[in-house]
Amino acid sequence: MIRTTLLSALLAASLFAQRGGPPPKVELLWPAGAPGTVGGEDADKPTLSIYIPRGRKTATAVVVCPGGGYGALAIDHEGRQIAEWLNSLGVTAFVLKYRLGPRYRHPVQIGDAQRAIRTVRARAQESGIDPGKIGIWGFSAGGHLASTAATHFDSGNPAAADPVDRAGSRPDFAVLSYPVISFTTDYVHKGSRRNLLGDNPDPDLVKHLSNELQVTSQTPPVFLFHTNEDTGVPPENSVLFYLALRKAGVPAEMHIYERGPHGVGLGWADQTLSSWPARLAEWMRNRGLLDK
């Protein structure tokens, strides 16, 4: 425990050292306009905010999906802070601003996430990124989006005119923090389901997006973090997904802390919860994701 606490403190110090750098570059996912757009406002323009490490850089990249019940985005503590922490490990971060309900419904959100992964992969060589080390990290409803990306993907369209569309959308690993997973059980987060699918969605679609039911042997390795006291999104969501991963033979690691509310982010304000990012860093290191 002493080693974990020390590592957590060192990572926190490194994170804060990253601050004060240049602002991230923000790019439109579709420069010519996103498909299915209903207007020209900021809410209609999905973007990637690109955070590049200022010091040591690995070949790993992560698309970050903030939470907010599919109706808002916790862009600071589940976006910017996450990107800065990843930068402290030498990982390039791409914070995704995806389109939200009720203005937009499925499949717009997963389309935005898949486009983000394709974009990073299509530009990997020029960015110094390994196209086989591109992950996705989501929080709460962003965790549902990330788990959807990890269970619903394709290998790209080699005949596409747009080179981005030729790249595959499967992430190479996923990190799910207090994620919304199940849409069919008593543990559903009703607000996320309503914002994504509407008030009376097709039962087959609900099942299709209940991601513990969609895990296969092709699902990438996953790290899960939750808290036992989470009443917003019960930890059974993570447990169900973990059990499905285990059944499918997919490498997975899960940590459920006894205390802590929903939406803690990196948990820096709590002495116990602040150890969880160190466990994630160790998992990434053990998987070779923090090597050049």
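Bear in mind that the values in this text are calculations on the coordinates, not laboratory data. None of these values were measured; they are calculated from a predicted model. Here the Cβ is made from the backbone with ideal geometry for all residues, glycine too, and neighbour counts use every protein chain on show.
Please give the peptides 145-153, 258-266, 62-70, 38-46 ranked by average Cβ packing (other Cβ atoms within 10 Å per residue), highest first, as a rough proxy for protection.
62-70, 145-153, 258-266, 38-46
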**OP:** Would you mind telling me the antiparallel percentage of the DSSP bridges in the chain, rounded to 5?
**Re:** 25
Original post:
So which residue, out of Gly111, Gly232, Gly55, gets the largest mean-square fluctuation from a GNM of the chain using Cα contacts under 10 Å as springs?
Top reply: Gly55
Original post:
Which value, in debye to the nearest 20, gives the size of the charge dipole of the range 2-286 about its Cα centre, when Lys and Arg are +1 and Asp and Glu are -1 at the Cβ?
Top reply: 620
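Quick one, what does Rg over Rh come out to for the range 197-292 if you take C-alpha atoms and the Kirkwood Rh?
Numbers: Rg = 15.5 Å, Rh = 15.1 Å.
Value, to two decimals: 1.03.
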**OP:** Would you mind telling me which residue in Arg54, Arg170, Arg279 has the biggest mean-square fluctuation in a Gaussian network model of the chain, where springs connect alpha carbons within a distance under 10 angstrom?
**Re:** Arg54
Original post:
Residue-wise, which Karplus ³J(HN,Hα) couplings in Hz belong to the range 216-227, taking 6.51 cos²θ - 1.76 cosθ + 1.60, θ = phi - 60°, and x for glycine or proline?
Top reply: 9, 5, 8, 5, x, x, 9, 10, 10, 10, 8, 10
Original post:
When the Kirkwood radius is taken over all Cα pairs of the range 238-292, what Stokes-Einstein diffusion coefficient follows at 25 °C and 0.890 mPa s, in µm²/s?
Top reply: 190
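Per DSSP H run of at least 4 residues, take -39500 (n - 2.57); add these up for the chain, divide by its residues and hand me the 222 nm value, nearest 500 deg cm²/dmol.
One gets -9500 deg cm²/dmol as the mean residue ellipticity at 222 nm.
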Subject >> Cα-based Kirkwood hydrodynamic radius, the range 91-227, one decimal, Å >> reply: 15.4
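For the range 2-286, just run the numbers: alpha carbon Rg, then divide by 2.2 N^0.38 Å, N being how many residues it has.
On the way: Rg = 17.6 Å, N = 285, 2.2 N^0.38 = 18.8 Å.
The value comes to 0.94.
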**OP:** For Lys25, go through the lysines and keep the ones whose alpha-carbon is under 22 Å away, minus same-chain ones fewer than eight residues off.
**Re:** Lys45, Lys57, Lys97, Lys133
**OP:** Determine which residues of the range 235-262 fall in the zone a paramagnetic label at Ser217 would reach in this model, i.e. backbone nitrogen under 17 Å from the point 7 Å along Cα→Cβ.
**Re:** 244-252
Original post:
Can you give the convex hull volume of the alpha carbon atoms of the range 179-219 per residue, in Å³?
Top reply: 75
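Would you kindly state how much longer the chain becomes between Leu205 and Glu282 on full extension, computed as 0.36 nm times their sequence separation minus their alpha carbon distance, in nm to one decimal?
Working: separation 77, 0.36 × 77 = 27.72 nm, distance 3.64 nm.
Difference between extended and current length: 24.1 nm.
Hey, what does the equivalent ellipsoid look like for the range 82-158, semi-axes from the Cα gyration tensor as sqrt of 5 times each eigenvalue, largest first, whole Å?
Working: eigenvalues 94, 55, 22 Å².
After scaling each eigenvalue by five and taking roots: 22, 17, 10 Å.
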Original post:
What percent of all Cα-Cα pairs in the range 21-141 falls in each 10 Å bin, counting up from 0?
Top reply: 14, 47, 31, 7, 0
